[in-house]
Amino acid sequence: MPDSVREYGLMAPGLPCFQNGAFPLFLAPMAGVSDKTFRQLCKEYGADVLTTEFVSAEGIFRRNERTREYLEFDEIERPIGVQLFGADAGHMAEAARHVIDWVRPDFIDLNFGCPVNKVVCRNGGSALLKDCPTLQKVAGTVVSAVAPVPVTAKIRIGWDADSINAVRVAQLLADAGIAAITVHGRTRAQGYSGEADWKVISEVAESVSVPVIGNGDLASASIVAKRRAETNIAGAMIGRAAMSGPWIFSQTKHYFTTGELIEAPRLSDRWNLIVRHCQLVVNDWGEEDPAIRSMRARLMAYSRSMPEAKRLRDKFSQVSTLAEIREIAAENIHSSARQNIAPTIAELVPL
Ligand SMILES: Cc1cc2nc3c(=O)[nH]c(=O)nc-3n(C[C@H](O)[C@H](O)[C@H](O)COP(=O)(O)O)c2cc1C
């Protein structure tokens with residue numbers, strides 16, 4: 001019996017998404033990106049499991065209204081987890097209980113990977129990779145506070161290149177009753193630069209009996225399949241690639257079932273997705289100008305999957321209306337069709 005089971009008195013409840021050999025695809029939690037609208041679009045494209053943007057346990061503990069908004073989700077998003085960050089075990093446990101009372105997520109995810117100074121300097125996120133006793137205490141206390149709701153954790157491979165400790169951390173988390181562990185294959189010091197280290201992810205997957213979800217640089221269906229074949233991961237988490245093309249989920253699933261790589265959707269369909277995403281955000285904000293401005297960074301991400309990306313980025317940096325986006329779409333489709341890259345504008349669905 002693991003120490004934690006003795007200490008905390010329970011066995012870890014599992015996540016149903018791993019049952020019967022399934023290999024679930026997770027949308028990565030991304031602050032400022034994986035909001036309700038984007039999560040639902042990714043779900044349409046085949047994401048199996050969603051997670052909210054990270055939420056401060058202290059904010060929940062203090063019943064901060066803004067924090068509560070981040071917790072909202074619709075039933076169709078299930079299975080969905082709420083991701084919490086914080087460093088105080090008691091506050092984290094109480095925050096997790098509040099979250100379960102308020103929105104009843106399918107699981108709670110603990111963030112032990114955030115590299116941002118504002119979080120790390122308060123000992124949250126990846127700071128806990130340097131403080132294993134506190135990390136294990138936070139995990140064990142939350143697990144027992146919310147049982148039988150499963151608790152998962154997301155870690156990086158270590159604080160820096162000299163302190164890669166993901167295997168040890170994962171063992172502590174599994175012993176604390178954590179139901180699944182996502183490993184982002186970078187250190188805190190790397191931020192988002194350099195390459196994800198899949199060797200360490202693989203070592204973690206070999207060393208614990210709970211499911212390990214691999215994360216980092218999964219940029220296409222074939223890369224996900226390669227990582228799946230090379231390692232013992234039980235699922236994959238996709239972040240930035242979904243921002244520029246959420247169809248990566250359906251492409252990956254198609255590849256898993258048929259062994260065939262399928263093309264990205266037609267250009268007109270990609271534009272329809274972009275326009276719809278913008279329209280949904282405008283509906284949500286209730287005001288067009290601030291809503292579209294808030295979409296500029298997202299449009300930049302979409303441009304990576306489009307022809308004439310540089311030109312699009314210049315234009316996206318100035319948009320503030322839906323009409324402008326539709327105009328850019330029409331021009332991009334025309335120009336690509338002229339160069340024989342894409343179908344005609346008639347395929348752009350009117351709003
Ligand atoms: C804009 C952005 C915001 C992020 N916010 C979070 C977050 O709130 N919680 C978290 O655990 N990871 C966060 N991450 C990290 C991602 O979940 C993921 O681990 C990382 O992007 C590597 O995966 P990828 O190569 O598929 O993008 C964020 C990443 C990005 C790019």
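The values are calculated or read from the model by the stated rules, or taken from the named source; none is laboratory data. The model shown is predicted, which means the values in this text are computed figures rather than measured ones. Because the Cβ atoms are built from the backbone with ideal geometry, glycine has one as well, and the counts that use them run over all protein chains shown.
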### Summary
Given (1) farther than 17 Å from Ile108 by Cβ; (2) modelled with pLDDT under 95; (3) not hydrophobic (A, V, I, L, M, F, W, C), Asp74 misses just (2)
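Rundown of residues vs (1) of a type outside the set (A, V, I, L, M, F, W, C); (2) surrounded by 19 or more Cβ atoms within 10 Å (Cβ to Cβ); (3) in the same structural domain as Ile108 (by TED's automatic domain parsing); (4) within 16 Å of the ligand (Cβ to nearest atom), yes/no style:
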position: Ala166; (1), (2), (3), (4): no, yes, yes, yes
position: Val169; (1), (2), (3), (4): no, yes, yes, yes
position: Ala174; (1), (2), (3), (4): no, yes, yes, no
position: Ile178; (1), (2), (3), (4): no, yes, yes, yes
position: Gln190; (1), (2), (3), (4): yes, yes, yes, yes
position: Val224; (1), (2), (3), (4): no, yes, yes, yes
position: Ile233; (1), (2), (3), (4): no, yes, yes, yes
### Top-ranked residue in the range 235-269 [being within 30 Å of Asn332 (Cα to Cα) and among the aromatic types (Phe, Trp, Tyr); ranked as farthest from the ligand (Cβ to nearest atom)]
Tyr255
### Query
In the range 117-134, how many are in contact (Cβ under 8 Å) with a residue 12 or more places away in the chain, assigned to a helix (DSSP H, G or I) and surrounded by fewer than 24 Cβ atoms within 10 Å (Cβ to Cβ)?
6
### Query
Consider Gly90 against the criteria (1) more than 25 Å from Cys17 (Cα to Cα); (2) assigned to a loop (DSSP other than H, G, I, E, B); (3) among the small types (Gly, Ala, Ser): it satisfies all of them except one. Which criterion is unmet?
(2)
### Task
List the number of the failed condition for Glu53; all other conditions in (1) within 15 Å of the ligand (Cβ to nearest atom); (2) surrounded by fewer than 17 Cβ atoms within 10 Å (Cβ to Cβ); (3) not aliphatic (A, V, I, L, M) hold.
(2)
### Query
Quick check, is Asn272 in contact (Cβ under 8 Å) with a residue 12 or more places away in the chain, assigned to a loop (DSSP other than H, G, I, E, B) and away from the ligand (no atom under 16 Å from the Cβ)?
no
### Task
Those residues that are within 30 Å of Gly46 (Cβ to Cβ), in a loop (DSSP other than H, G, I, E, B) and either more than 15 Å from the ligand (Cβ to nearest atom) or among the acidic types (Asp, Glu) (or both), I need them from the range 58-72; list them, please.
Glu72
### Task
Examine the range 293-303 for a residue that is more than 28 Å from Ala196 (Cα to Cα) and free of Cβ contacts under 8 Å to residues at least 60 places away in the same chain, and state whether such a residue exists.
yes
### Query
Just to be sure, is Ala242 closer than 30 Å to Lys315 by Cα and touching a Cys at 6+ places or on another chain (Cβ under 9 Å)?
yes
### Task
Test Thr141 against the criterion of being under 16 Å from Phe26 (Cα atoms), touching a residue at least 24 places away in the same chain (Cβ under 8 Å) and among the polar types (S, T, N, Q), and give yes or no.
no
### Message
Just to be sure before I move on: is Ser305 part of a helix (DSSP H, G or I), of a type in the set (S, T, N, Q) and at pLDDT below 95 in the structure I sent?
### Response
no
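Can you tell me which residue in the range 5-28 is modelled with the lowest pLDDT, limited to those that are assigned to a loop (DSSP other than H, G, I, E, B) and out of contact with any helix residue (DSSP H, G or I) (no Cβ under 8 Å at 6 or more places or on another chain)?
Residues of the range 5-28 assigned to a loop (DSSP other than H, G, I, E, B): 9-15, 22-24, 28.
Among the residues that remain, those that are also out of contact with any helix residue (DSSP H, G or I) (no Cβ under 8 Å at 6 or more places or on another chain) are: 13-15, 22.
Details: Pro13: 64, Gly14: 84, Leu15: 92, Ala22: 94.
Per the criteria, the residue is Pro13.
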### Message
For a quick check of your reading of the model, give me the residue pairs whose first member lies in the range 191-211 and is touching a residue at least 12 places away in the same chain (Cβ under 8 Å), whose second is within 12 Å of the ligand (Cβ to nearest atom) and in a helix (DSSP H, G or I), with beta-carbon atoms closer than 7 Å and at least 6 apart or on different chains.
### Response
Trp198/Arg227
### Query
Considering the range 269-305 alone, what residues qualify as being small (Gly, Ala, Ser) and either under 25 Å from Ser222 (Cβ atoms) or surrounded by fewer than 20 Cβ atoms within 10 Å (Cβ to Cβ) (or both)?
Gly286, Ser294, Ala297, Ala301, Ser303, Ser305
